[in-house]
Amino acid sequence: MARPGIDYQALFGVTPSPCMVLGPDLVLADVNEAACRVTGRTREDLLGRYLFDAFPENPADPDADGVRNLHASLHRVLRSKEPDTMAPMKYDIPVGDRPGVFEERWWSAINTPVLGRDGQVEWIIHRGEDVTSFILSHPRPREGRALSDVEAMEVELYARTRELKRLNEELRQAHARERQIAVTLQEAMLHSPHLARHQDIAVRYLPAAGSLNVCGDWYEVVDLPANRFAVAVGDVVGHGLEAAAVMGMLRSALSAVVRAVERPASALDVLGLYARDVEGALATTVVQAVVDPHARRIVYSCAGHPPPVLLHPDGTCHLLDQATDPPLGARPEPVPRLQADLPYSPGDTLVLYTDGLIERRGEDIDAGLQRLTDALACLARHNPGRLADALLAHLGVSSGARDDIALIVLRL
């Protein structure tokens with residue numbers, strides 16, 4: 001319980017360790033004086049900015065991995081709701097008064113979650129100690145010069161710290177071996193080779209809170225002839241390895257079919273026939289969309305899936321709900337599926353998702369759709385990656401929901 005009369009904001013401000021407070025959307029909510037001093041930035045410059053916009057990757061360093069490592073650590077915290085200690089890492093920072101110039105920096109960081117009353121991560125405290133001078137000066141004695149006793153102790157302490165961190169990491173991996181195997185399996189099944197060609201597409205995958213970290217939700221991006229491309233999300237009934245196995249088969253089948261047929265509806269017709277021979281595949285929901293940048297049109301078909309959203313730069317939203325049919329295998333006899341198309345304008349954003357993003361127990365789906373479009377209206381100007389993170393945070397599912405979530409955000 002907080003002690004009356006203590007100004008905790010003032011205490012945070014003068015804490016000697018550099019600290020930043022992030023929301024689940026990874027936007028900077030507060031920074032202390034030490035963080036400003038060590039980064040050479042002001043609070044006014046940092047507050048309200050997406051962390052990786054404020055501190056981007058050094059474009060001059062082809063081996064830079066600081067953004068990837070820190071992003072992974074922060075998302076581990078969101079998923080596990082436990083602190084994550086990072087090994088010393090190189091993360092160069094921009095020089096404030098010299099645009100495009102970066103300064104080499106090394107950091108020892110720990111990310112700590114602050115849980116709200118609902119048990120979800122409300123804030124993350126990022127503490128990063130600048131260890132640049134130590135890393136760059138130890139242990140590299142000049143030729144023929146022995147280390148002093150103090151230098152030797154520092155090197156030994158650093159070596160022991162690294163060894164302890166390594167052992168702790170191995171212990172954590174040992175305790176989480178089953179989960180890691182599941183993650184590897186899921187990543188292999190969700191591998192989308194064409195995704196790397198689309199810098200304006202962001203994808204997110206979150207298993208149900210407390211699950212094994214595998215699920216039946218999926219996303220896919222496939223390049224097609226004539227400069228078109230297809231995007232899809234789907235949701236197999238159930239959770240765990242069985243649902244993931246079915247997901248892998250259906251995803252692979254749809255990925256192959258959409259390359260061979262012109263119409264998304266026809267692709268879902270074929271997938272529905274295939275699903276009848278796959279145990280556990282019936283009642284799967286899918287939405288398949290084909291984007292034609294030349295004609296600036298989206299053609300889509302839904303099999304029992306929540307409607308995608310076309311978000312305009314002014315924040316208005318259009319639900320793609322004109323071609324919705326029952327889930328796979330729901331009809332006794334196959335019936336050709338509906339298909340619809342609509343135009344888009346450059347700068348629009350297409351959002352596809354699975355029902356875990358919007359559905360809440362005991363609530364009508366229309367309430368979830370309204371919550372989704374209200375959130376998107378506030379985020380229309382964000383780039384796809386930031387929009388995806390901010391959307392998950394806005395809807396309170398950054399650290400997982402009761403159901404699995406797959407999400408695609410595409411800037412058109």
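Taking the condition modelled with pLDDT under 95, open to solvent by 10 Å² or more (accessible area, probe 1.4 Å) and either among the basic types (Lys, Arg) or closer than 26 Å to ALA380 by Cβ (or both), does ARG276 pass? Step through it out loud before you land on a result.
Values: modelled with pLDDT under 95: yes; open to solvent by 10 Å² or more (accessible area, probe 1.4 Å): yes; either among the basic types (Lys, Arg) or closer than 26 Å to ALA380 by Cβ (or both): yes.
Spelling it out, ARG276 is indeed modelled with pLDDT under 95, open to solvent by 10 Å² or more (accessible area, probe 1.4 Å) and either among the basic types (Lys, Arg) or closer than 26 Å to ALA380 by Cβ (or both).
Given the criteria among the charged types (D, E, K, R) and under 20 Å from ASP235 (Cα atoms), does ASP325 qualify? Explain how you work it out, then say what you get.
Numbers: among the charged types (D, E, K, R): yes; under 20 Å from ASP235 (Cα atoms): yes.
It is true that ASP325 is among the charged types (D, E, K, R) and under 20 Å from ASP235 (Cα atoms).
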- Hey, among the residues in segment 90-100 that are within 20 Å of VAL27 (Cα to Cα) and assigned to a loop (DSSP other than H, G, I, E, B), which one's most open to solvent (accessible area, probe 1.4 Å)? GLY96
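Can you tell me which residue among ARG127, ARG76 is part of a helix (DSSP H, G or I), at pLDDT 90 or above, out of contact with any His (no Cβ under 9 Å at 6 or more places or on another chain) and not small (Gly, Ala, Ser)? Let's see the steps before the verdict.
Working: ARG127 fails: part of a helix (DSSP H, G or I).
On inspection, the qualifying residue turns out to be ARG76.
If you take the residues in segment 210-225 that are hydrophobic (A, V, I, L, M, F, W, C) and at pLDDT 65 or above, which one is farthest from ALA289 (Cα to Cα)?
The initial filter retains those residues of segment 210-225 that are hydrophobic (A, V, I, L, M, F, W, C), namely 212, 214-215, 218, 221-222, 224.
After this cut, where a residue has to be at pLDDT 65 or above as well, the list is 214-215, 218, 221-222, 224.
Numbers: VAL214: 25, CYS215: 22, TRP218: 14, VAL221: 10, VAL222: 10, LEU224: 12 Å.
If we take residues in segment 210-225 being hydrophobic (A, V, I, L, M, F, W, C) and at pLDDT 65 or above, then VAL214 is farthest from ALA289 (Cα to Cα).
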- Note on the structure: Counting only residues in segment 303-328 that are touching a Pro at 6+ places or on another chain (Cβ under 8 Å) and part of a strand (DSSP E or B), the one farthest from VAL261 (Cα to Cα) is identified as LEU319
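Restricting to segment 368-402, give me the number of residues that are of a type in the set (D, E, K, R), over 18 Å from GLY347 (Cα atoms) and open to solvent by 10 Å² or more (accessible area, probe 1.4 Å).
The first filter runs over segment 368-402 and keeps only residues of a type in the set (D, E, K, R), leaving 371, 374, 381, 386, 389, 402.
Now restrict to residues that are over 18 Å from GLY347 (Cα atoms): 371, 374, 389, 402.
Okay, now just the ones that are also open to solvent by 10 Å² or more (accessible area, probe 1.4 Å), so 371, 374, 402.
Matching residues across segment 368-402 total 3.
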- Query: Has segment 90-108 got any residue that is touching a Leu at 6+ places or on another chain (Cβ under 6 Å) and modelled with pLDDT of 90 or more?
  - Reply: no
- Just one of ALA34, ALA87 is open to solvent by less than 50 Å² (accessible area, probe 1.4 Å), at pLDDT below 90 and farther than 25 Å from LEU376 by Cα; which is it? ALA87
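Yes/no matrix, rows are residues, columns are (1) within 23 Å of VAL203 (Cβ to Cβ); (2) more than 28 Å from the chain's Cα centre (by Cα):
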{"residue": "PRO313", "(1), (2)": "yes, no"}
{"residue": "GLN339", "(1), (2)": "no, yes"}
{"residue": "TYR353", "(1), (2)": "yes, no"}
{"residue": "GLY356", "(1), (2)": "yes, no"}
{"residue": "GLU359", "(1), (2)": "yes, no"}
{"residue": "GLY362", "(1), (2)": "no, no"}
{"residue": "GLY368", "(1), (2)": "yes, no"}
{"residue": "LEU372", "(1), (2)": "yes, no"}
- Counting just the residues of segment 236-257 that are open to solvent by 30 Å² or more (accessible area, probe 1.4 Å) and in a helix (DSSP H, G or I), which one comes out nearest to ALA330 (Cα to Cα)? MET249
- Message: Here are the criteria: (1) free of Cβ contacts under 8 Å to residues at least 12 places away in the same chain; (2) surrounded by 17 or more Cβ atoms within 10 Å (Cβ to Cβ). Tell me which single one ILE298 does not satisfy.
- Response: (1)
- Query: Just for segment 283-295: of the residues that are farther than 13 Å from ASN227 by Cα and part of a loop (DSSP other than H, G, I, E, B), which one is least open to solvent (accessible area, probe 1.4 Å)?
  - Reply: THR284
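Report, by residue number, each residue of segment 4-19 that is open to solvent by 20 Å² or more (accessible area, probe 1.4 Å) and either closer than 19 Å to LEU70 by Cα or of a type in the set (S, T, N, Q) (or both). Give the steps one after another, and end with the answer.
Residues of segment 4-19 that are open to solvent by 20 Å² or more (accessible area, probe 1.4 Å), as a first pass: 4-12, 14-17.
Answer for segment 4-19, where residues must be open to solvent by 20 Å² or more (accessible area, probe 1.4 Å) and either closer than 19 Å to LEU70 by Cα or of a type in the set (S, T, N, Q) (or both): GLN9, THR15, SER17.
The values are calculated or read from the model by the stated rules, or taken from the named source; none is laboratory data. None of these values were measured; they are calculated from a predicted model. Here the Cβ is made from the backbone with ideal geometry for all residues, glycine too, and neighbour counts use every protein chain on show. Remember, those area values only see protein heavy atoms, side chains included, never the ligands or the DNA or RNA. Shrake-Rupley method; radii C 1.70, N 1.55, O 1.52, S 1.80 Å.
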